[in-house]
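> One structure coming up, written as structure tokens, with questions to follow.
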């Protein structure tokens, strides 16, 4: 299960870090305290953040300087000033990146989820003997990855990890990239705990038992667990995963 922990944690980070709308600044704003303060106020207005304290400004200034210095280096990526720019790394990790997988596993107990790969130790991985494998694959180029999504403060990384896998394999099999509903899993998959954690395997089992999953458009994400909407569930899309 260590791989599941890593994948779930990684997805939670990716989903959170990539979602904010871009905020642009001018290099001259970094040359003085007044420029930084003006940028800070623009950033607060851009992200609808009311809190304005010296401590938050200090963190913002520290993060922006780090982002600017990083972007001047020859790295294969560029950083942006997003809605979390006034949070320290410790604050961000504790608030958004503290995986609840171990919490869920402790509650679930040692028995494997029925129907999962753990429940059948003799079941072989169907690609175990593959040899003709390319060194890398960018599934974005193959139109098999949807846009970055945000889980907010809800501990639903398990649902996002499960959904993105379904979206990807469905796109690979059909050539049609469809966004599926994380909210349906959060509301309706009773083998998982909604915003209090979960695992991908029982989420897959739920989709199989349900005969499919609703699209994101029909069952949009709200970032909290609500009553399962049976009407939206009936508008299921059956992913092609075989």
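> Taking only pairs six or more apart or across chains, which ones have beta-carbon atoms under 8 Å, a first residue in region 41-68 that is touching a residue at least 24 places away in the same chain (Cβ under 8 Å), and a second residue that is surrounded by fewer than 13 Cβ atoms within 10 Å (Cβ to Cβ) and not in a loop (DSSP other than H, G, I, E, B)?
68/27
> Only one residue in 71, 82, 58, 63 is more than 18 Å from residue 23 (Cβ to Cβ) and surrounded by 12 or more Cβ atoms within 10 Å (Cβ to Cβ), so which one is that?
On inspection, the qualifying residue turns out to be 58.
All of the numbers you see were taken from the coordinates with simple rules; none came from a lab. Bear in mind that the values here come from a model prediction, so they are computed numbers and not experimental data. Ideal geometry is used to build each Cβ from the backbone, glycine not excepted, and the neighbour counts take in all protein chains shown.
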